[in-house]
Ligand code: EPU
């Protein structure tokens with residue numbers, strides 16, 4: 001299998017914020033042999049390697065001096081293990097498979113558990129890096145293990161769920177294994193009978209007036225409908241979903257903030273976490289700092305969901321990445337000044353301006 005290495009490749013079509021950074025070297029790998037060759041090429045040319053999935057959680061703040069490896073490993077396999085609990089199936093998805101397509105594929109085959117994660121942009125490999133989560137379910141609830149290749153040695157290794165060190169929008173791949181490996185496949189344990197999880201208030205509210213029994217497909221469609229009503233489709237308006245994590249603050253700080261700051265009488269919302277800390281919706285904080293719909297150069301805060309920054313890509317003289325990051329910094333400063341809360345950027349920021 002030949003491997004084509006391109007030089008000075010524009011990455012605009014490869015990231016959902018549509019930032020026009022270039023990669024000094026670029027290749028697409030669709031099997032292990034090509035991946036081996038790509039790593040060998042990088043080694044012999046002294047290039048760093050940057051794995052790239054759908055680019056839906058990435059801010060390319062500068063050009064990439066190195067080899068961008070676009071992961072196009074495809075395939076789905078049912079794992080034949082004897083120790084799988086009854087009523088479940090272990091399914092291995094190759095890293096390049098599109099997340100939402102795999103949600104629909106699983107539903108069609110009667111493999112349940114992914115419905116609440118419908119319509120999340122991105123692919124299988126990247127889903128594990130940020131431990132994608134929505135509507136009361138996180139990938140870590142379903143992941144059994146994954147395989148990855150060490151970028152330095154080229155060796156393939158397996159990590160169990162525990163070894164991935166998952167937490168809210170976090171994993172070992174954002175910490176000690178950052179930039180050190182490329183995820184090749186992910187094994188999920190799905191249920192063979194429907195699992196209806198309406199724990200998330202917005203989802204429960206959606207079905208309030210329904211009388212008939214719910215199916216997993218109805219839940220998936222509801223999640224798609226809620227997401228479409230709030231979140232811009234990256235194909236129509238460039239974005240990376242939530243730009244900030246929802247901050248988790250000590251209960252004492254939350255109590256201090258309740259009812260304290262706002263002229264409009266709105267009370268700060270919060271969701272109690274295990275251990276008593278409180279998760280505050282960053283979108284609410286950004287909205288109450290009056291940023292909803294605000295523009296800065298080509299960047300903007302989405303008008304329906306203040307947690308999403310978008311690239312309008314309509315100011316030719318602008319540096320779009322700089323506009324996005326400057327706007328993010330202005331928001332962080334104001335939220336800290338008004339609420340004393342640090343907002344952490346959620347997507348991966350590559351390079352600095
Ligand atoms: N809110 C506002 N104004 C806004 C946005 C939100 O006041 O502009 C407040 C409301 O009080 C609302 C609450 O925030 O009730 C929660 O909003 P929503 O249900 O839309 O969820 P979120 O906290 O903004 C998180 C995830 C989303 C995920 C949804 C649903 C993070 C950083 N974001 O958003 O994930 O889809 O919950 O589970 O945890 C993503 O990671 O890219 C993403 C879209």
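Between residue 150 and residue 175, with labels modelled 7 Å along Cα→Cβ, what's the label distance in nm to one decimal, could you check?
2.0
Which of 238, 317, 42 ends up with the largest GNM mean-square fluctuation for the chain, with Cα atoms connected below 10 Å?
317
Beyond 19 Å, what share of the Cα-Cα pairs of the stretch 238-350 is found? Please give it as a whole percent.
The calculated P(r) of the stretch 238-350 puts 45 percent of pairs beyond 19 Å.
Cα-based Rg of the stretch 150-270 per 2.2 N^0.38 Å, rounded to two decimals?
Compared with the compact-globule rule of thumb, the stretch 150-270 sits at 1.49.
Just how many % of Cα pairs in the stretch 6-71 lie over 17 Å apart, if you round to the nearest whole percent?
34
Over all directions, average the projected area of the Cα convex hull of the stretch 90-217 and note it in nm².
7.9
To the nearest 0.05, how large is the calculated FRET efficiency for residue 230 and residue 44 if R₀ is 51 Å and r is the Cβ-Cβ distance?
In this case the efficiency is close to 0.60.
May I ask you to derive the FRET efficiency for residue 260 and residue 4 from their Cβ-Cβ distance with R0 = 45 Å, giving the value to the nearest 0.05?
That pair, residue 260 with residue 4, gives E of 0.15.
Under 16 Å from a label point 7 Å along Cα→Cβ of residue 273: give me every residue in the stretch 312-353 with its amide N that close.
It comes to 341-346, nothing else.
For residue 31 paired with residue 333, estimate the spin-label separation in nm (one decimal), with each label point 7 Å from Cα along the Cα-to-Cβ line.
It works out to 5.4 nm between the two label points.
For an R0 of 25 angstrom, estimate the FRET efficiency from the Cβ-Cβ distance between residue 284 and residue 167 and round to the nearest 0.05.
About 0.70, to the nearest 0.05.
Among the DSSP beta bridges whose two residues both lie in the stretch 1-148, what percent are antiparallel, rounded to the nearest 5?
DSSP beta bridges in the stretch 1-148 are roughly 50 percent antiparallel.
Take the alpha carbon atoms of the stretch 128-160, find their center, do the same for the stretch 307-333, and report the distance between the two centers in whole angstrom.
A separation of 30 Å, based on Cα centres.
Out of all Cα-Cα pairs in the stretch 1-145, roughly what percent, to the nearest whole number, are more than 26 Å apart?
It works out to 33 percent of all Cα pairs.
If you build a Gaussian network model of the chain, linking Cα atoms that sit under 10 Å apart, which residue out of 21, 95, 202 swings the most?
Result for the chain, Cα springs under 10 Å: 202 fluctuates most.
Rounded to the nearest 5, what % of DSSP beta bridges with both residues in the chain are antiparallel?
Details: 44 of 57 bridges.
DSSP beta bridges in the chain are roughly 75 percent antiparallel.
With the chain treated as a Gaussian network of Cα nodes joined by springs under 10 Å, which of 83, 267, 338 yields the largest mean-square fluctuation?
83
May I ask you to sort 218, 77, 50 by Cβ crowding, counting other Cβ atoms within 10 Å and putting the fewest first?
Sorted ascending by nearby Cβ count, the order is 77, 218, 50.
Convert 20 °C to kelvin, take the viscosity as 1.002 mPa s, use the Kirkwood radius over C-alpha pairs of the chain as Rh, and evaluate the Stokes-Einstein diffusion coefficient in µm²/s, rounded to a whole number. If you can, show how the numbers build up before the last one.
Values: Rh = 21.6 Å.
Reported coefficient: 99 µm²/s.
Please state the relative contact order of the chain as a whole percent: Cα pairs under 8 Å, 6+ residues apart?
On the way: 702 pairs, mean separation 55.5, N = 353.
RCO, the chain: 16 percent.
For the pair residue 109/residue 196, report the inter-label distance in nm, with labels modelled 7 Å from Cα in the Cβ direction.
2.5
With a cut-off of 8 Å between alpha carbons and a minimum separation of six or more residues, what is the relative contact order of the stretch 76-230 in percent?
About 29 percent, as a whole number.
All of the numbers you see were taken from the coordinates with simple rules; none came from a lab. Fair warning: this is a prediction, and the values are worked out from it, not measured in the lab. Heads up, the Cβs are rebuilt from the backbone with ideal geometry, glycines too, and the neighbour counts pull from every protein chain shown.
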